[in-house]
Amino acid sequence: MSSVLPKISIVTPVYNEEKNLSELCVRLVFALTELGHPYEIIFVNDGSSDRSAEIIKTLANVYTEVVGIDLAGNYGQTIALRAGIEQASGAIIILMDSDLQHDPADIPLFIHEIEKGYEVVGGKKLDRPEKGWRKWISEKAHQVISSIAGVQLSYFGATYKAYKSYLLKSTNLLTDNHRFLGALVVRKGVRYTEIPIRIHPRLHGVSNYSMNKIGKVVLDMIYLKFFISFLTKPFRLLGTVGLFLFGTGCLLTFWLVLGNFIFQFHIKENYFIEFIFGVSLILSGLLFLSIGIVTQLSVQHYFHQKNHSPYIVRSILQHSDNEKDSISCR
Ligand code: UDP
Ligand code: MG
């Protein structure tokens, strides 16, 4: 282990948390000072309508380690996290909620695992609240996500996780996918572990999410599959669908036209709908193939630009001991 302790950046999104911020900050400062690493605490105010921005400003005046980012509007938790991650300068980034449901006292446990060599440490909720069919769905969802990611993730729901910063800096966070951030970042080869944490009930303010998010989760899973398997090769996916539709359409239409001549099918009277269906399949197939090519070209153009690499470099290994840590953006 190097003699200089790596800097820790805490990134926490804030939406109407005026009653939680001061206590959170004090508890964070306490836990981090005890730990002894250099640190910064980044509060990202996500367009709160209460006094959160004012309180963050006061905290930044009191503590030199506190940085406040005041977003010009409410962009949602994921974008707020992204703003904080872009600002973070630590080698380790810890993401957590600002409503005191995540306990700052757990930070040393995360750091302990990072020091063992893990690159992502996930907080695993000790007492899962789901019961009955919700529990079953949640377990199945975790199995699907684990198999998409190629890594055993037993709990991805909590944002409370510690990351080596090179992994996070390169992940393009949009929409609601903070829920899947662990799975977006963790894939085969990334050193991942989970630690049990307590998630406290919210004492002040209200939750911003309803329990009814199964639809969103299914969409996010489809996105996750696309992101992991096809981000750099969308033509594989769209082209396969296109070829399948085109091929099926050709076979159907060919069979009908042939039958019309040999067996007197009388397409117009008896098989008109089937004929139109066959032609539509051909056209849809061609459409998928064209969209696939255009998408592939845009992806190629995107990854051709500087700072948009489809990979993340952990470190550069050289002959001497000037091993370099390196970051690349996706
Ligand atoms: N949050 C945010 N922007 C939003 C909604 C929520 O920054 O539009 C923050 C919120 O202040 C909290 C975290 O995201 O720190 C998690 O939100 P919440 O506690 O409502 O979610 P839950 O714990 O109920 O899933
Ligand atoms: Mg909460």
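The values are calculated or read from the model by the stated rules, or taken from the named source; none is laboratory data. Here the structure is a predicted model, which means the values were calculated and not measured. Using ideal geometry, Cβ is built from the backbone for each residue, glycine included, and neighbour counts are taken over all protein chains shown. Side chains included, ligands, DNA and RNA excluded: accessible areas come from the protein's heavy atoms. Shrake-Rupley method; radii C 1.70, N 1.55, O 1.52, S 1.80 Å.
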**OP:** Any residue in segment 95-110 that's under 14 Å from Val11 (Cα atoms): show its pairings with residues that are within 13 Å of ligand 2 (Cβ to nearest atom) and small (Gly, Ala, Ser) at Cβ separation under 7 Å, as long as the two are six or more apart or on different chains.
**Re:** Asp99/Gly205
Original post:
What are the residues in segment 64-85 that are in contact (Cβ under 8 Å) with a residue 60 or more places away in the chain and more than 16 Å from ligand 2 (Cβ to nearest atom), if any?
Top reply: Ile79, Arg82, Gly84, Ile85
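Any idea which residue in segment 1-50 is farthest from ligand 1 (Cβ to nearest atom), counting only those that are among the β-branched types (Val, Ile, Thr) and outside any strand (DSSP E or B)? It would help to see each step written out before you state the result.
Restricting attention to segment 1-50, the residues satisfying the condition of being among the β-branched types (Val, Ile, Thr) are 4, 8, 10-12, 14, 26, 29, 33, 41-42, 44.
Next, from what is left, pick out any that are outside any strand (DSSP E or B): 4, 26, 29, 33.
Working: Val4: 31, Val26: 17, Val29: 18, Thr33: 22 Å.
Across segment 1-50, the extreme among qualifying residues is Val4.
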**OP:** Report yes if Phe227 is without any contact (Cβ under 8 Å) to a residue 60 or more places away in the chain, away from ligand 1 (no atom under 16 Å from the Cβ) and open to solvent by less than 50 Å² (accessible area, probe 1.4 Å), otherwise no.
**Re:** yes
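Scanning for something of a type in the set (D, E, K, R) and surrounded by 15 or more Cβ atoms within 10 Å (Cβ to Cβ), does segment 134-153 turn up at least one residue? It would help to see each step written out before you state the result.
As a first pass, look at segment 134-153 and keep what is of a type in the set (D, E, K, R): 134-135, 139-140.
Still in the list and also surrounded by 15 or more Cβ atoms within 10 Å (Cβ to Cβ): none.
Within segment 134-153 (the criterion being of a type in the set (D, E, K, R) and surrounded by 15 or more Cβ atoms within 10 Å (Cβ to Cβ)), the answer is no, since none of the residues qualifies.
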Subject >> Given (1) within 26 Å of the chain's Cα centre (by Cα); (2) in a helix (DSSP H, G or I); (3) modelled with pLDDT under 95, index of the condition Ile327 fails >> reply: (2)
**OP:** Could you figure out which of (1) under 23 Å from Thr78 (Cβ atoms); (2) more than 16 Å from ligand 2 (Cβ to nearest atom) isn't true of Asn16?
**Re:** (2)
**OP:** Name, by its number, the condition in (1) at pLDDT 80 or above; (2) within 16 Å of ligand 2 (Cβ to nearest atom) that does not hold for Leu181.
**Re:** (1)
**OP:** Search segment 130-167 for residues being over 19 Å from Val120 (Cβ atoms) and either β-branched (Val, Ile, Thr) or touching a Ser or Thr at 6+ places or on another chain (Cβ under 9 Å) (or both), and hand back the single one that is modelled with the lowest pLDDT.
**Re:** Glu130
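Test of understanding: among Lys116, Lys7, which residue is away from ligand 2 (no atom under 16 Å from the Cβ), among the basic types (Lys, Arg) and open to solvent by less than 70 Å² (accessible area, probe 1.4 Å)? Don't jump to the end; show me each part of the working.
Details: Lys116 fails: open to solvent by less than 70 Å² (accessible area, probe 1.4 Å).
After ruling out the rest, the residue left standing is Lys7.
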Subject >> Residue in segment 98-157 that is farthest from the chain's Cα centre (by Cα), counting only those that are more than 16 Å from ligand 1 (Cβ to nearest atom) and of a type in the set (Ser, Thr, Tyr) >> reply: Tyr118
**OP:** Among the numbered conditions (1) open to solvent by 70 Å² or more (accessible area, probe 1.4 Å); (2) over 24 Å from the mean Cα position of the chain (by Cα); (3) in contact (Cβ under 8 Å) with a residue 60 or more places away in the chain, tell me where Tyr271 comes up short.
**Re:** (3)
Original post:
Restricting attention to segment 46-60, which residues are under 16 Å from Glu23 (Cα atoms) and either of a type in the set (Val, Ile, Thr) or away from ligand 2 (no atom under 16 Å from the Cβ) (or both)?
Top reply: Arg51, Ala53, Glu54, Ile55, Ile56, Lys57, Thr58, Leu59, Ala60
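Restricting to segment 78-97, count the residues that are part of a helix (DSSP H, G or I) and under 16 Å from the mean Cα position of the chain (by Cα). Outline the logic, then answer.
Quick first cut of segment 78-97, residues part of a helix (DSSP H, G or I) only: 78-87.
Imposing the further condition that a residue be under 16 Å from the mean Cα position of the chain (by Cα) reduces the set to 78-86.
The qualifying residues number 9.
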**OP:** Say whether the condition of being in contact (Cβ under 8 Å) with a residue 24 or more places away in the chain, surrounded by 14 or more Cβ atoms within 10 Å (Cβ to Cβ) and part of a helix (DSSP H, G or I) is met by at least one residue in segment 251-263.
**Re:** yes
